[in-house]
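Contents: one structure, followed by commentary.
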Amino acid sequence: MRMKNEVLKAIHSRRTVNQNSFTAEDISREDILTILEAANAAPTHKRTQPWRFVIFQKDGLNRLGAELSRIYKEITPVEKYVELAEQNMAKKATMSNVAIAIIVNYTGELPEWEELAATACAVQNMWLAAHSLHIGGYWASPGLINHLGSFLNLEDNQRCVGLFYMGHHNSESREPVRSPITEKIRWEE
């Protein structure tokens, strides 16, 4: 698909890039703030701006990884526990240059799904901004995030909905795996 519009090109060429493709190159604070400013430009009903973010870098990534491992060990039934899985929880965090906890701040002014949708729009903006800066991103939402509340110092009306891992990467661009839009629409004329 040939496109001249830069926004449409970015939308169609953005892909998930996971930690295995990340390089050791640091992401600058300026780039992180550029990505978060893009998130902050997301649409929001009644201007509630429900997205909140906690940014982990350097030692913060080690603390996040240790907490994810601890939670895995604490909540996993003995018969399902796998030591390698516990180690991988920490490894996923520390293989990234940056991890951002994605938090919805429910205001009570709107149905929760609307504030969750606005937060998802903010993450899509982050993803597109990161892509434009040649930074890969991966939105992880393991069940462990439901147990990060105290670690993230969340308020009662806040909920972590994922971790957005980022890093400079060396992965090749790839074609999307999408069925045609014609299979997903119906015209009413």
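Within the bounds of the stretch 126-139, is there any residue that is touching a residue at least 12 places away in the same chain (Cβ under 8 Å), assigned to a loop (DSSP other than H, G, I, E, B) and touching a strand residue (DSSP E or B) at 6+ places or on another chain (Cβ under 8 Å)?
yes
Looking at (1) surrounded by fewer than 17 Cβ atoms within 10 Å (Cβ to Cβ); (2) of a type in the set (A, V, I, L, M); (3) modelled with pLDDT of 95 or more, can you tell me which one Val177 breaks?
With (1) surrounded by fewer than 17 Cβ atoms within 10 Å (Cβ to Cβ); (2) of a type in the set (A, V, I, L, M); (3) modelled with pLDDT of 95 or more applied to Val177, the lone miss is (3).
Can you tell me which residue in the stretch 52-77 is surrounded by the fewest Cβ atoms within 10 Å (Cβ to Cβ), limited to those that are within 17 Å of Ala99 (Cβ to Cβ), among the aliphatic types (A, V, I, L, M) and more than 16 Å from the chain's Cα centre (by Cα)?
That would be Ala66.
For the list (1) surrounded by 12 or more Cβ atoms within 10 Å (Cβ to Cβ); (2) more than 25 Å from Asn170 (Cα to Cα); (3) in contact (Cβ under 8 Å) with a residue 60 or more places away in the chain; (4) in contact with a helix residue (DSSP H, G or I) (Cβ under 6 Å, 6 or more places away or on another chain), I need the number of the one condition that Gln49 fails.
Just one mismatch for Gln49, condition (4).
Would you pick out the residues in the stretch 157-168 that are of a type outside the set (Gly, Ala, Ser) and either at pLDDT below 90 or open to solvent by less than 60 Å² (accessible area, probe 1.4 Å) (or both)?
Result: Asn157, Gln158, Cys160, Val161, Leu163, Phe164, Tyr165, Met166, His168.
Would you check which residues across the stretch 128-145 are within 15 Å of the chain's Cα centre (by Cα) and either basic (Lys, Arg) or surrounded by fewer than 16 Cβ atoms within 10 Å (Cβ to Cβ) (or both) and list them?
Result: Ser141, Pro142, Gly143.
The values are calculated or read from the model by the stated rules, or taken from the named source; none is laboratory data. Just so it is clear, the structure is predicted and the values come from calculations on it, not from any experiment. Here the Cβ is made from the backbone with ideal geometry for all residues, glycine too, and neighbour counts use every protein chain on show. Ligands, DNA and RNA are stripped out before the accessible areas are found, and what is left, the full protein with its side chains, is counted by its heavy atoms. Shrake-Rupley method; radii C 1.70, N 1.55, O 1.52, S 1.80 Å.
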